[in-house]
Amino acid sequence: MHGEADTSPSDKRTLWFVTQNHHKYQEARRALDPFGITILMLSSPKTEIQSTSLGEIARFAAEEAAKKHNRTVLVEDSGLFVKALNGFPGSFSSYVYATIGVGGLLRLMGRQTRREAYFQASLALVSPRGSSVEFSGKVHGTLSHKSAGVQGFGFDPIFVPRGARKTFAQGGAEFKDKYSHRAIAFRKLALWYIGTKI
Ligand code: IMP
């Protein structure tokens with residue numbers, strides 16, 4: 001990726017993030033801010049291939065967007081992996097959220113006592129010439145028995161990160177950033193990015 005796509009000095013601390021999810025964008029922005037990296041939202045539809053690998057899904061969409069927009073772009077794909085459901089919904093989380101939602105997942109879990117789950121976020125940064133780099137972040141925790149809290153998005157109201165006593169949706173931005181898979185992945189990206197590009 002070295003200096004390939006970003007040519008002007010002012011571009012060196014700017015990344016284009018292809019997403020239509022404002023929550024993801026805000027979380028990414030908060031993670032990159034302390035590193036002096038500006039992230040811009042490229043709200044363009046992307047192809048989401050069917051795969052169990054979040055990395056593969058993110059890379060495919062990033063390669064497509066990098067070519068389409070002729071610039072280096074960042075794509076994130078994420079999901080919730082529930083142990084008692086053998087990793088479901090995993091890479092199908094957005095579909096499951098849109099169809100059965102938080103309530104449906106809680107019903108699937110029923111009175112299950114083993115409630116361990118993790119969130120994972122995979123990032124792919126791809127240049128128009130096709131070179132790519134990937135990062136990922138994971139947060140382990142448990143699923144609550146009831147939905148709690150109104151902040152955040154997706155399955156935030158039922159996920160309690162390990163070491164905490166409230167859901168992501170109860171905790172708010174600072175709490176989420178302390179634990180989240182996305183914050184971890186974006187911090188890894190930032191450390192690589194500032195080391196490589198500056
Ligand atoms: P995608 O990455 O756009 O395919 O969507 C990932 C889906 O996983 C979202 O629609 C949410 O349902 C779920 N998800 C991923 N990350 C989070 C998170 O930080 N909080 C809550 N739900 C999440």
Pick from the stretch 9-55 the residues that are within 16 Å of the ligand (Cβ to nearest atom) and among the small types (G, A, S): which of them is nearest to D156 (Cα to Cα)? A28
Considering only the stretch 131-198, give the helices (runs of 4 or more DSSP H) lying wholly within it that have at least 1 residues that are farther than 26 Å from V73 by Cα. 168-171, 173-179
Residues in the stretch 15-68 that are part of a helix (DSSP H, G or I) and of a type in the set (S, T, Y): how many? 1
When you go through V150, V126, V139, V160 one by one, which is the residue that is out of contact with any helix residue (DSSP H, G or I) (no Cβ under 7 Å at 6 or more places or on another chain) and hydrophobic (A, V, I, L, M, F, W, C)? V160
Any idea which residue in the stretch 149-198 is farthest from I37 (Cα to Cα), counting only those that are within 14 Å of the chain's Cα centre (by Cα) and of a type in the set (K, R)? K176
Starting from the stretch 15-41, take each residue that is more than 19 Å from E64 (Cβ to Cβ) and list its partners that are β-branched (V, I, T) and assigned to a strand (DSSP E or B), counting only C-beta distances under 7 angstrom and pairs at least six apart or across chains. A28/I39; R29/I39; L32/I39; T38/T14
Considering only residues that are part of a helix (DSSP H, G or I) and either more than 15 Å from the ligand (Cβ to nearest atom) or in contact with a His (Cβ under 8 Å, 6 or more places away or on another chain) (or both), which ones fall in the stretch 69-91? H69, K83, A84
So, first residue touching a residue at least 12 places away in the same chain (Cβ under 8 Å) and over 20 Å from A121 (Cβ atoms) in the stretch 83-106, second residue part of a strand (DSSP E or B) and away from the ligand (no atom under 12 Å from the Cβ), Cβ within less than 8 Å, six or more apart or across chains; the pairs are A84/E116
Please enumerate the residues belonging to the stretch 141-159 that are touching a residue at least 40 places away in the same chain (Cβ under 8 Å), within 10 Å of L106 (Cβ to Cβ) and out of contact with any strand residue (DSSP E or B) (no Cβ under 6 Å at 6 or more places or on another chain). K146, S147, P157
From the list A66, A61, pick out the single residue that is aliphatic (A, V, I, L, M), near the ligand (Cβ under 10 Å from one of its atoms) and modelled with pLDDT of 95 or more. A61
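Residues checked against (1) within 17 Å of S136 (Cβ to Cβ); (2) in contact with a helix residue (DSSP H, G or I) (Cβ under 8 Å, 6 or more places away or on another chain):
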site	(1), (2)
P45	no, no
A58	yes, no
A62	yes, no
A66	no, no
H69	no, no
V82	no, yes
F92	no, no
R107	no, no
Q112	no, yes
Inspect the stretch 92-112 for any residue being part of a loop (DSSP other than H, G, I, E, B), within 12 Å of the ligand (Cβ to nearest atom) and either charged (D, E, K, R) or closer than 30 Å to R162 by Cβ (or both) and give the result as yes or no. yes
Taking the stated definitions as given, is K138 touching a residue at least 12 places away in the same chain (Cβ under 8 Å), within 14 Å of the ligand (Cβ to nearest atom) and of a type in the set (K, R)? yes
Which is farther than 25 Å from T14 by Cβ and surrounded by fewer than 16 Cβ atoms within 10 Å (Cβ to Cβ), of G141, G90, G130, G103? G103
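The values are calculated or read from the model by the stated rules, or taken from the named source; none is laboratory data. All values derive from a computational prediction rather than experimental measurement. Positions of Cβ are generated from backbone atoms using ideal geometry, with glycine treated the same way; all protein chains shown enter the neighbour counts.
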